[in-house]
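Working notes, structure below.
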Amino acid sequence: MTAAFMDLVDVTIVNIAIPSIQRGEGATFSQIQWITAGYALAFAAGLVTGGRLGDIHGRRRIFLLGIGGFTLASALCGLAANPEMLVAARIVQGATAALMVPQVLSIVHATFPAHERGKVFGLFGAIVGLGAVSGPLLGALLIEWNPLGLEWRAIFLINLPVGVVGLILGRRFITESKAPHALKLDLAGVALVTGGLLMLLYPLTRGHELGWPLWGHVSMAGSLVVFAALVAYERRKSARDGSPLIELSLFKVKSFAAGIAVQTVFGIALGVFFLVWTLYLQTGLGWSVLRAGLTGIPFSLAVSVAAGISVQKLVPRFGRKVLQAGALLMAAGVLLYLAESERYGLAITPWQMALPLVVMGAGMGLIVAPLTDAILSQVPREHAGSASGLISTVQQMGNALGLGLVAVVFFGVMEDHLLPAEIGSAFVDAFEYALGWVAAVLLVIFLLMFALPARPSGVDDGTAGPVEEPEEPAATTQMPAATHMPAATQEPAATEEPEGEPQLVS
């Protein structure tokens, strides 16, 4: 839980510090995007790999390696001498988080019987809510107080004592566990996924600054070829030895394929909104970092409250309609925010933002908590861990893509050289333009949700005790929906499989 909290805080705390980093280090807009997108990309590319490494070499061992590396990378971020070093350290931080975070739920599955996991997942949900609330506020307080004159560096260095404590407690209390029939690591698949993403995201991030050169368009078109090659390779890999990085047979499950699409597009919307919102508050409106951090509290609290209500009360009764209501509610909040911004302009106050932020937060809470259950409800049990890893991966990929699209939907509508007096109004106009795109994306998400199952299945996973040899073919085994985990943080959660258990053959 310490590791999960540290990762969640680190993702949200950086956004609030971006203007301070830009002013203090003279970072370009492209470097600012890569401070966030680099972490998200490295995290996304490594999630499935990190989960596999835990199954192969031991979850405790990989967890401790990840949390130690994350702590060291945080120190490098805090001591960065220039923006280039900070970007590199953030990429390392994302890669080590990809080792650390997937083990959290895997360790839960290996440690707790099924009838106790509900309590643990409830605690994990509380940690998610606490991380969402405390990240921006903690970042604002650290930058405002400026301990030891560290300025923005304090947001990274605060990870050091937390990481050391997590490392000590992990070595003492976590027991080792492995999957008895772990698959081999698909290094070629890892290379193809990472290469394709870089070919797509790097031109999107640098395109506006470089004047959209020809090589950028060629690179983005080439990424589609790489992804097609990935699909062909993974299909052959699955037929040859049954150990692909991405289990393509999962996409034959309608609810999973639709859910992956929802998760990807949702990640794009969040990636765009949170970065442009931070720039709008601090650079456009000229607010202090503390004022901007406090402004986000209604949003975070609404997410936490709505997430708890949706899982416990609404989804069991109304099913998929809850997620669709969340998409429409979030879109309504975005449009309300747009109207408030157009009405008050540079004179807008936090109180005038509170209502649209609460509406947006409530809508997001209705989506993030039950979405994973809906996606996994028809996935065969033997691929549950791989499916969970893919859910988290595509959400992070979507987030990284959204950060890259900021160059188009935000900076792309501004003049290249603004006078000081023009900055405020230019940022407000660009923010309003970006909000229109976010609202449109949320409506697309609403339509995609029609492909999700009307209700998640409530099949008992049967893992409270020893697993018996199944009487039915493994291909008909359904994945239980009672995980109740926010999709943005759901990681691979491989269960221990007995000797001789049948495996699904693609």
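Only one of the listed residues (L357, L371, L442, L401) is modelled with pLDDT of 75 or more, among the hydrophobic types (A, V, I, L, M, F, W, C), in contact with a Pro (Cβ under 6 Å, 6 or more places away or on another chain) and buried (at least 22 other Cβ atoms within 10 Å of the Cβ). That residue is L357.
Of all the criteria given as (1) closer than 30 Å to S425 by Cα; (2) under 20 Å from the mean Cα position of the chain (by Cα), the one not satisfied by S304 is (1).
Yes or no: the stretch 41-57 includes at least one residue that is open to solvent by less than 30 Å² (accessible area, probe 1.4 Å) and of a type in the set (F, W, Y). Yes, the stretch 41-57 has at least one match. Here L281, L230, L250 are screened, and the one residue that is at pLDDT 85 or above and in contact with a Phe, Trp or Tyr (Cβ under 7 Å, 6 or more places away or on another chain) is L281. Residues in the stretch 232-248 that are surrounded by 15 or more Cβ atoms within 10 Å (Cβ to Cβ) and not in a helix (DSSP H, G or I): S243, P244, L245, I246, E247. The set of residues in the stretch 163-195 that are under 26 Å from V394 (Cβ atoms), in a helix (DSSP H, G or I) and either open to solvent by less than 90 Å² (accessible area, probe 1.4 Å) or at pLDDT 85 or above (or both) comprises A188, G189, V190, A191, L192, V193, T194, G195. Taken as a whole, the condition of being within 29 Å of L447 (Cβ to Cβ) and over 20 Å from the mean Cα position of the chain (by Cα) does not apply to G326. Of all the residues in the stretch 304-329, those that are open to solvent by less than 20 Å² (accessible area, probe 1.4 Å) and within 30 Å of I21 (Cα to Cα) number 0. Just one of the listed residues (A292, A258, A229, A221) is touching a Leu at 6+ places or on another chain (Cβ under 9 Å), open to solvent by 30 Å² or more (accessible area, probe 1.4 Å) and assigned to a helix (DSSP H, G or I), and it is A229. Considering the stretch 10-23, the residues that are open to solvent by 10 Å² or more (accessible area, probe 1.4 Å) and modelled with pLDDT of 80 or more include one that is farthest from T278 (Cα to Cα), namely R23. Report yes if some residue within the stretch 320-343 is of a type outside the set (S, T, N, Q) and on the phi > 0 side of the Ramachandran plot; otherwise report no. No. Confirm whether T283 is open to solvent by 30 Å² or more (accessible area, probe 1.4 Å) and either closer than 22 Å to L329 by Cβ or of a type in the set (V, I, T) (or both). Yes.
The values are calculated or read from the model by the stated rules, or taken from the named source; none is laboratory data. Nothing here was measured: the structure is a model prediction, and the numbers come from that model. All Cβ positions, even for glycine, are placed from backbone atoms using ideal geometry, and neighbour counts span all protein chains on display. When the accessible area is computed, the model is the full protein with side chains, heavy atoms only, and any ligands, DNA or RNA have been set aside. Shrake-Rupley method; radii C 1.70, N 1.55, O 1.52, S 1.80 Å.
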